[in-house]
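Contents: one structure, followed by commentary.
The values are calculated or read from the model by the stated rules, or taken from the named source; none is laboratory data. Since the model is a prediction, treat every value here as computed from it, not as a measurement. As a convention, Cβ positions derive from the backbone with ideal geometry for all residues, glycine included, and neighbour counts pool all protein chains shown. Accessible surface is based on the protein model in full, side chains and every heavy atom, while ligands, DNA and RNA are left aside. Shrake-Rupley method; radii C 1.70, N 1.55, O 1.52, S 1.80 Å.
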Amino acid sequence: MDRTAVHAAITGWGKCVPPAVLSNTDLETLTQTSDEWITSRTGIKERRISHAETSDMATVAAFQAQAAAGKDPTDLDMVLVATCSPDRLIPSAATMVQHKVGAVNAAAMDLNAACSGFLYGLVMADQMVRSGAFKTILLIGAEKLHYFLDFTDRSTSVLFGDGAGAVIVEATDEAVGLLSFELGTDGSQGEILCAPGTGTEGHVGSGEHPTVKMDGPAIFRRAVDAMGEASIRVIESAGLSPEDVDLLIPHQANVRIIDATARRLKLDPAKVYVNIASYGNTSAATIPIALAEAVDEGRVGPGDLLVFAAFGAGLTWAAVAFRWGHRVEPLGTSDAALEPTDVTALELLQGNVDAYGKGI
Ligand code: UT7
């Protein structure tokens with residue numbers, strides 16, 4: 001094992017958003033809501049509904065991240081998938097990705113910290129690389145949350161979407177990467193965002209399909225406080241101040257939470273990355289999708305100071321101050337893509353509607 005002190009840079013990035021688009025207007029046909037309400041209360045205009053499984057989206061994002069980093073699958077020594085909606089509990093989504101990308105030299109595991117999962121994974125990957133034990137880690141956030149949506153519950157069904165984002169975290173001698181982090185949990189409040197019956201507490205043979213339950217306003221208040229305060233603390237513990245931040249890439253759950261976080265940091269809106277209008281809340285996938293888009297759109301410059309912040313079920317929260325490396329162009333691209341489909345988002349949701357009915 002090489003114990004050389006190293007840093008861990010993000011050298012590749014990629015995303016996979018499935019093709020079927022579910023607009024707010026489509027949702028008006030499923031539940032008692034309106035485009036006006038969803039747009040003004042959340043900032044969401046549309047989200048994607050996947051015809052493929054979580055590991056398929058994760059694999060496409062992984063191929064793109066590998067290409068951007070100029071890596072061969074055999075270079076990977078760890079595959080981490082942050083998800084709370086894996087294809088199966090056994091085996092993990094990460095093992096499926098490991099097989100599909102051909103990462104024959106990699107260990108693989110899932111981690112579940114809900115919407116904070118990608119940042120928990122980024123801290124784990126950073127520490128694994130800096131220990132000298134691992135050199136090249138594929139870290140993915142991937143979710144197919146529509147599986148858990150009940151369209152009689154308008155307070156949850158309009159918020160979530162499907163997708164995946166991936167990064168390569170790689171050992172480097174450059175003084176870049178993670179500068180400081182905060183990971184937090186308050187398990188005493190787990191009931192305010194949960195999906196009962198998704199594990200062993202479900203009744204054998206009951207045939208019940210579990211769905212997400214949420215006390216939205218309670219989560220909203222906690223998210224605003226946690227994301228704002230944790231962001232300030234990680235910036236301070238990196239010896240920096242909010243004026244040094246080049247780009248805040250927050251979890252995309254509600255544009256009002258994002259705006260409140262930015263206000264706490266007194267950040268110019270131009271320094272905040274927001275794509276919630278297009279994808280809604282893809283849980284562990286929001287930050288890596290946003291990061292991939294931010295880099296591809298030229299919003300991340302060499303040596304930029306990035307701040308990531310997230311909040312989710314658990315309750316869990318996370319913030320990371322991160323110094324980007326010198327390279328902002330991908331070394332290569334991949335033509336990996338999901339199987340093409342003509343099935344519409346509303347058709348893909350027919351199973352959910354058959355199980356629970358519509359909320360109108
Ligand atoms: O990723 C982490 C997990 N999730 C989050 O971070 C989500 C955090 N919470 C939120 O984003 C917001 O609390 C929501 C978007 C979920 C709800 O927004 P809100 O401004 O907190 O609304 P509310 O729950 O206080 O509801 C206000 C009204 C209620 O009607 P009445 O009682 O005032 O007549 C709701 O029934 O809006 C109603 N409402 C809706 N109306 C139309 C709730 N959902 C909808 C809807 N369409 N989809």
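Numerical summary
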item	result
Residue in segment 117-127 that is modelled with pLDDT of 95 or more and outside any helix (DSSP H, G or I) present	no
Subset of segment 17-27 [touching a residue at least 12 places away in the same chain (Cβ under 8 Å) and either hydrophobic (A, V, I, L, M, F, W, C) or within 14 Å of the ligand (Cβ to nearest atom) (or both)]	VAL17, ALA20, VAL21, LEU22, SER23, ASN24, ASP26, LEU27
Members of segment 195-221 found to be within 12 Å of the ligand (Cβ to nearest atom), within 14 Å of ALA114 (Cα to Cα) and not hydrophobic (A, V, I, L, M, F, W, C), listed by number	LYS213
Residues (outside any strand (DSSP E or B) and open to solvent by 40 Å² or more (accessible area, probe 1.4 Å)) located in segment 3-25	ARG3, THR4, ALA5, PRO19, THR25
Qualifying helices (runs of 4 or more DSSP H) (wholly inside segment 220-305; at least 3 residues being modelled with pLDDT of 95 or more and open to solvent by less than 20 Å² (accessible area, probe 1.4 Å))	255-264, 286-296
Residue in segment 93-112 that is within 25 Å of ARG222 (Cβ to Cβ) and either within 16 Å of the ligand (Cβ to nearest atom) or modelled with pLDDT under 95 (or both) present	yes
Segment 128-175, subset within 16 Å of the ligand (Cβ to nearest atom) and in a helix (DSSP H, G or I), residue surrounded by the fewest Cβ atoms within 10 Å (Cβ to Cβ)	SER155
Failed condition for GLY43, given (1) away from the ligand (no atom under 14 Å from the Cβ); (2) open to solvent by 10 Å² or more (accessible area, probe 1.4 Å); (3) touching a Lys or Arg at 6+ places or on another chain (Cβ under 8 Å); (4) closer than 15 Å to ASN281 by Cβ	(1)
Options GLY141, GLY161, GLY165: the member that is within 18 Å of MET214 (Cβ to Cβ), in contact (Cβ under 8 Å) with a residue 12 or more places away in the chain, outside the structural domain of GLY314 (by TED's automatic domain parsing) and among the small types (Gly, Ala, Ser)	GLY161
Cβ-Cβ under 6 Å pairs, at least 6 apart or on other chains, segment 201-217 side touching a residue at least 60 places away in the same chain (Cβ under 8 Å), far side assigned to a loop (DSSP other than H, G, I, E, B) and more than 9 Å from the ligand (Cβ to nearest atom)	PRO210/ALA195; PRO210/GLY197; PRO210/THR198; THR211/ASP150; VAL212/ALA195
Segment 245-272 residues that are in contact (Cβ under 8 Å) with a residue 24 or more places away in the chain and of a type outside the set (S, T, N, Q), paired with ones that are open to solvent by 60 Å² or more (accessible area, probe 1.4 Å) and within 16 Å of the ligand (Cβ to nearest atom) (beta carbon under 7 Å, 6 or more apart)	VAL255/VAL274; ILE258/VAL274
Residues within segment 288-347 that are within 16 Å of the ligand (Cβ to nearest atom) and not polar (S, T, N, Q), tallied	14
Tabulated pairs, segment 334-359, first acidic (Asp, Glu), second in a helix (DSSP H, G or I), C-beta under 8 angstrom, 6+ apart or interchain	GLU339/ASP56
Output for segment 64-99, where each listed residue is hydrophobic (A, V, I, L, M, F, W, C), part of a helix (DSSP H, G or I), touching a residue at least 60 places away in the same chain (Cβ under 8 Å) and buried (at least 23 other Cβ atoms within 10 Å of the Cβ)	ALA65, ALA68, ALA69
